[in-house]
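Reading through the structure tokens given below for one structure.
The values are calculated or read from the model by the stated rules, or taken from the named source; none is laboratory data. In this text, all values refer to a predicted model and were calculated from it rather than measured experimentally. No Cβ is skipped: glycine too gets one built from the backbone with ideal geometry, and neighbour counts run over all protein chains shown.
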Amino acid sequence: MRPGVLTSAQQTFAFIFLYIGFGILAGVWPFHTWSPVGHVAAPHGVSMVHAGVLMKIGAFGILRVAIMLCPEGWRHWAPLMAFLASFGIVYGALAGLRQRDLKYVIGYSSVSHMGVVGLGLSTVSVDGLNGAVFQMFAHGIMTALLFSAVGYIYDRTHTKNIDELGGLSRVMPVASTFFIVAALASMGVPCLASFWGELLVFVAAFKVYPILGAAAILALAVSALFMLRVVQRTFYGPAREAHAHLGDVPMALGIPRMLLVTVLVGFGLFPFLLLNVIQTASVPFMKAVLP
């Protein structure tokens, strides 16, 4: 279907409903509340699909349906999108800081990172679109690795409570490494894939919404704080006697997780491999919807 077949008024009216509908699935604040609870209630494998795929379907729906059908509505509602996305970034970081359950931590981290996707889309620019799509991919890989690591830890320790864990890096160094690498990616550390998506989004956001862009970057410092807190309390310090006998990740279970690590590091070191692919679609897309 060709974009822009509706009148400007019709697009403005329809876009906000499409945005809310798909935004619920994408975990857009304030429609995010189902997502962290769903992570905790679901089995670990389902949580991987939930954060890695399901939330991205919502963001893709905004991009491919709402924006494609209602480009004028996109322009009209872009400031509201930017506000909700920025608030979601800040809220997710602050809420994650107070959590004691590992899956709640990841759940609220996902709300914050999906806010980065929304902020990129709200810039109505090629750079913002490139960053949003890159972040969607990186976040999917990163959260899959986080939930897989938490799943293994829970299967061995039978707890996800941070206060009941500690010193796991001495008992499970491989499982700990998988979680720590994913946590570093969540913090936007350079040489990991999520760094490039966040960088593109924030550069684009600063050009269009400098105050909201600055607030979102400050929220990254908070998200780094709560991830470092989780890593310190869960994997370092004295090991608990009850966990001293636990085994580490066997080879058969380690290979799929290692593939996820390889993707995070590979696209972190060579982002152009993905950006070139995204660029071939984003530039024609922007010309089509906003000629």
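Observations on the structure shown:
For every residue, the table says whether it meets (1) at pLDDT 85 or above; (2) under 21 Å from Phe137 (Cβ atoms); (3) not small (Gly, Ala, Ser).
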| residue | (1), (2), (3) |
| --- | --- |
| Trp196 | yes, yes, yes |
| Val201 | yes, yes, yes |
| Ala204 | yes, yes, no |
| Lys207 | yes, no, yes |
| Gly213 | no, no, no |
| Leu220 | no, yes, yes |
| Val231 | yes, no, yes |
| Pro238 | no, no, yes |
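- Scope segment 79-102; condition crowded, with 23+ Cβ neighbours inside 10 Å and under 14 Å from the mean Cα position of the chain (by Cα); matching residues: Ala85, Ser86, Gly88, Ile89, Gly92, Ala93, Gly96
- Single condition Ala185 does not satisfy, out of (1) assigned to a helix (DSSP H, G or I); (2) more than 13 Å from the chain's Cα centre (by Cα): (2)
- Criterion violated by Thr234 - all others in (1) in contact (Cβ under 8 Å) with a residue 60 or more places away in the chain; (2) outside any loop (DSSP other than H, G, I, E, B); (3) over 20 Å from the mean Cα position of the chain (by Cα); (4) surrounded by fewer than 16 Cβ atoms within 10 Å (Cβ to Cβ) satisfied: (4)
- Residue count, segment 163-174 (criterion: touching a Lys or Arg at 6+ places or on another chain (Cβ under 9 Å) and either modelled with pLDDT of 85 or more or not in a helix (DSSP H, G or I) (or both)): 5
- Restricting segment 1-34 to residues that are over 19 Å from Leu121 (Cα atoms) and at pLDDT below 80 leaves a set whose member that is surrounded by the fewest Cβ atoms within 10 Å (Cβ to Cβ) is Met1.
- Members of segment 104-129 that are crowded, with 24+ Cβ neighbours inside 10 Å and more than 11 Å from the chain's Cα centre (by Cα): Val105, Leu119, Gly120, Leu121, Ser122, Thr123, Gly128, Leu129
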